[in-house]
Each structure stands twice: as C-alpha cells, then as structure tokens.
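The values are calculated or read from the model by the stated rules, or taken from the named source; none is laboratory data. For clarity, every value in this text was computed on a predicted model and none was experimentally measured. Here the Cβ is made from the backbone with ideal geometry for all residues, glycine too, and neighbour counts use every protein chain on show.
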C-alpha cells in the first residue's frame, strides 16, 4: 500500500492498529489515529517528537491525544525519560534544553558514568537554572485561524483541465495514467497532476496548484487574439506574501469574485456585452492596489 492509501484506510477505520518503524516518522499524515504507543523509544528526542507529530497535527479532531511509552523498569531509559519528563518538559516543549541531560545519560549507558538517578536530577536542575537555555526554547501555542471554503477545489481544477481539447491547445493532452496531464511550455511539456497517488508513484510529476507555473502557462496559451471577457485579474506581492483578486465587470460596476463557482455563475449569466472601459480600468487599478 502507498502512504496515501494507508492514510485513507486509517481515516475510514479499515485499519484499527498500525505497526510502524521509524520510516513512518515522516511523510504520513495519521491524524485519524488517537494514540501512539512507543514500544522501542529512541534516544533522539527529536525522533520522538516526529512520531507524535504524525497524529498530533492539523486535522486531529480529538481534544486529547494519548502517548504511551513502554520501558524496562529501573532501566537507564526509564530513569532518563522520567527526569526529562519531570524536569525538562518532555513532549511539552522543544528538545534543545534536554541535550545536556541526554549527554550525561549517554555516559551512564556507555558505562563511563555511574548510573545514578540523583545525578540526572542534578543535571536537569542545572539546565533549569541556565537563563539562556530557558529563553532559547519557549512554547508558542497555535491559534485557530478558522476555516474558509477554498476558492478553487481540486475537483474544479480537474474539470477545467478536462474541458480543454487538443485542437484548442496543441500539445496539451490527458495521459493514459489517470489524473495526469501534459502541459506544453516554451521548452518542453511538463506533466502535472492533482492526484496524490500519482505523485507518490512518480517523482517527476509536478503538483498542479492554482498559483503554480503550469497554470500561468495554460492561462497565457488559452487566450486568443480578439477574445475578451468582462473579467479583470490582478495580483499584489509584498515579500514572500502574494494575493490575487478577480473582478467581474458588468452593469456599470465591478464585483469581486470569491470562488470559482461564482465565476462559472457569472459566465452563464453573461449576455456577451462588454462593459464600459472606464469601469474596467477602475477595476484593474483596484485589483493591483496593495
């Protein structure tokens, strides 16, 4: 099974228990699960955080995620993680402040330092007294930004691609592989897809996104001389942030479009008349204003 197939099976309750190696620490979104049982806990605390991050992530619907760690009683592992949890806030804060304690514990494991729990407690207490260590790593709780409907969905993008014919755009064609399209560019054809399964199986594919380069290429090639729509599209960028807006100009006014469905609705209602150029220029000016 692919990673995406595993994720879907878990979300659909087709899988109740998933046994993983550390290969699952990256690349799997398992927020449908509600607990992690660490049978073989690694010494690298960052790897522990990666495991937990597979289920404690955006999309997790449970208010509480259970983490169970199994140890041999009174083993070095047991002593080390008890200290880290009590003194350094293991699983509640970043692992940087734990490193001095882990370095001391490594000596206990290698036999160069006597295995004493009190010594571990002293090492943890020394970290807590270090103001630099305390200020370097601090908690930053996530804020709920709310949920908004996507202006363009993956299904709508697929529907738009399926409506393009090879006669209208030479070089463009759906490939035999489901959900993959060949998009002609100036130098070569780029294969794009919206399918997660296809992306997992073929690393040469390019994911299709509304603001990605393949879409810009398609939009430029679909325009024909003399073709006009009462649609004004503009964008503004400041640093790494970019925003694009679209206005439909009709009836002497410009209406900002919020979704692809709104655009389709305007197209169906359009009587073919092009609006006054003054209104179009005002909309174009507003669409590029910061």
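Worth pointing out:
- Boolean, residue 89 is at pLDDT 65 or above, farther than 30 Å from residue 201 by Cβ and either within 33 Å of the chain's Cα centre (by Cα) or in a loop (DSSP other than H, G, I, E, B) (or both): no
- Within the option set 158, 127, being under 20 Å from residue 260 (Cα atoms) and modelled with pLDDT of 65 or more holds for one residue only, 158.
To keep it simple, each residue is scored yes or no on (1) surrounded by 16 or more Cβ atoms within 10 Å (Cβ to Cβ); (2) modelled with pLDDT of 80 or more; (3) not assigned by TED's automatic domain parsing to the domain that holds residue 269.
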| site | (1), (2), (3) |
| --- | --- |
| 164 | yes, yes, yes |
| 183 | yes, yes, yes |
| 189 | no, yes, yes |
| 203 | no, yes, yes |
| 218 | yes, no, yes |
| 221 | yes, no, yes |
| 240 | no, no, no |
| 245 | yes, yes, no |
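- Considering 197, 155, the condition of being exposed (fewer than 14 other Cβ atoms within 10 Å of the Cβ) and not assigned by TED's automatic domain parsing to the domain that holds residue 273 is satisfied by 155 alone.
- Listing of strands (runs of 3 or more DSSP E) fully contained in segment 180-257 that carry 2 or more residues being touching a residue at least 24 places away in the same chain (Cβ under 8 Å): 180-184, 231-238, 241-250, 253-257
- Being assigned by TED's automatic domain parsing to the domain that holds residue 108 and surrounded by 13 or more Cβ atoms within 10 Å (Cβ to Cβ) holds for only one residue in 58, 37, 15, and it is 15.
- Of residues in segment 40-55 being closer than 26 Å to residue 11 by Cβ and surrounded by 18 or more Cβ atoms within 10 Å (Cβ to Cβ), the one modelled with the lowest pLDDT: 48
- Residue that is surrounded by the most Cβ atoms within 10 Å (Cβ to Cβ) [pool: residues in segment 18-34 that are touching a residue at least 24 places away in the same chain (Cβ under 8 Å) and not in a loop (DSSP other than H, G, I, E, B)]: 25
- Filter result for residue 73 (in a loop (DSSP other than H, G, I, E, B), over 23 Å from residue 126 (Cβ atoms) and modelled with pLDDT of 80 or more): no
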